[in-house]
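Remarks on the structure that follows.
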Amino acid sequence: MTRPRLVLIHGAATTARIWDRVLPHLDDFAVVRPDRPCSGDLGTEVAALADICADAVVAGVSGGATLGLELAARGVPFRAAVLHEPAAGSLAPGLLAPVADALRADGVPGFGRALYGPSWTPADAPQEPGVVHREFAMFRAFEPTPPGPSGPPVLLTVGARSPGPRHAAVAALGRHCGLPWATVPDVSHAVHLDAPRQFAAVIRSHAAGAARG
């Protein structure tokens, strides 16, 4: 039996290596984890991912989830997508202010710790510090567009331990985009680092439900 293809999209201040902890729990998928261009331009990022994500299951965390949401809005035909705590633009004013403050005060190390928590380390970031600044500017400028009525089955998720603004942002996105959302127990933003087995199970369950129709 052919394994379904799964594309894992990494976010800001990370590379494709950030998925290392999740991979052992995804043996039933043919996993693709591209290193994005990290151009700071939304159109460039979407163009780099569109063909890879077509007819695949897609999963992303943080900025990777934001890009997944944009791909869905632009009509890329996923099989299914699980998007954990994407950016919400003007639906959640101030959501990214704490990480912006951390980036100004402490550079990339401060940004990564503020966004992902203690499981993230500077070794997880791209080697060029300017990458994080231009990526963050792109994600901070993001405005969500609802997918079309025939769009793929997308599930938004939020960590139970994430702060209130994250819960409010995911709920606002769900209402705005007409998408369901679910809470992942005992985790916060960095679900791929802190609970890789659990996140893999969420992906597997949603993909199986989408396959059943």
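The values are calculated or read from the model by the stated rules, or taken from the named source; none is laboratory data. Computed from a predicted model, the values in this text were never measured in an experiment. Backbone-built Cβ (ideal geometry, glycine too); neighbour counts: all protein chains shown. Just the protein is used for accessible areas: all its heavy atoms, side chains included, with ligands, DNA and RNA removed. Shrake-Rupley method; radii C 1.70, N 1.55, O 1.52, S 1.80 Å.
Conditions first: (1) farther than 19 Å from residue 17 by Cα; (2) out of contact with any Cys (no Cβ under 6 Å at 6 or more places or on another chain). Residue 71 passes all but one, so which condition is the exception?
So the condition that residue 71 fails would be (2).
Of the numbered conditions (1) among the aliphatic types (A, V, I, L, M); (2) touching a Lys or Arg at 6+ places or on another chain (Cβ under 6 Å); (3) surrounded by fewer than 17 Cβ atoms within 10 Å (Cβ to Cβ), residue 8 fails exactly one; give the number of that condition.
Among (1) among the aliphatic types (A, V, I, L, M); (2) touching a Lys or Arg at 6+ places or on another chain (Cβ under 6 Å); (3) surrounded by fewer than 17 Cβ atoms within 10 Å (Cβ to Cβ), residue 8 violates only (3).
Of the conditions (1) assigned to a strand (DSSP E or B); (2) without any contact (Cβ under 8 Å) to a residue 24 or more places away in the chain; (3) among the polar types (S, T, N, Q), residue 198 satisfies every one except a single condition; which number is it?
Against the list (1) assigned to a strand (DSSP E or B); (2) without any contact (Cβ under 8 Å) to a residue 24 or more places away in the chain; (3) among the polar types (S, T, N, Q), residue 198 comes up short only on (1).
How many residues are open to solvent by 50 Å² or more (accessible area, probe 1.4 Å), under 26 Å from residue 169 (Cα atoms) and charged (D, E, K, R) when one looks only at the stretch 34-65?
Residues flagged as open to solvent by 50 Å² or more (accessible area, probe 1.4 Å), under 26 Å from residue 169 (Cα atoms) and charged (D, E, K, R) within the stretch 34-65 amount to 1.
Take residue 13 and tell me if it is crowded, with 18+ Cβ neighbours inside 10 Å and either part of a loop (DSSP other than H, G, I, E, B) or in contact with a strand residue (DSSP E or B) (Cβ under 9 Å, 6 or more places away or on another chain) (or both).
Yes; evaluated as a whole, the condition is true for this residue.
Against the conditions (1) open to solvent by 30 Å² or more (accessible area, probe 1.4 Å); (2) assigned to a loop (DSSP other than H, G, I, E, B); (3) β-branched (Val, Ile, Thr), where does residue 31 fall short? Just the number, please.
(2)
Do you know which residues across the stretch 161-185 are in a loop (DSSP other than H, G, I, E, B) and of a type in the set (D, E, K, R)?
Listed by number, the list holds a single entry, 161.
Checking residue 193 against (1) within 25 Å of residue 54 (Cα to Cα); (2) in contact with a helix residue (DSSP H, G or I) (Cβ under 8 Å, 6 or more places away or on another chain); (3) surrounded by 15 or more Cβ atoms within 10 Å (Cβ to Cβ), which single condition isn't satisfied?
(1)
In the stretch 119-166, which residue that is more than 22 Å from residue 80 (Cβ to Cβ) and touching a Cys at 6+ places or on another chain (Cβ under 7 Å) is most open to solvent (accessible area, probe 1.4 Å)?
126
List the residue pairs whose Cβ atoms are under 6 Å apart, where the first residue sits in the stretch 85-110 and is open to solvent by 20 Å² or more (accessible area, probe 1.4 Å), the second is among the basic types (Lys, Arg) and not in a loop (DSSP other than H, G, I, E, B), and the two are 6 or more positions apart or on different chains.
Pairs that qualify, where the first residue is open to solvent by 20 Å² or more (accessible area, probe 1.4 Å) and the partner is among the basic types (Lys, Arg) and not in a loop (DSSP other than H, G, I, E, B), are 96/140.
Could you list, in sequence order, all residues of the stretch 128-160 that are closer than 26 Å to residue 208 by Cβ, part of a loop (DSSP other than H, G, I, E, B) and either in contact (Cβ under 8 Å) with a residue 24 or more places away in the chain or in contact with a Leu (Cβ under 8 Å, 6 or more places away or on another chain) (or both)?
146, 147, 148, 151, 152, 153, 160
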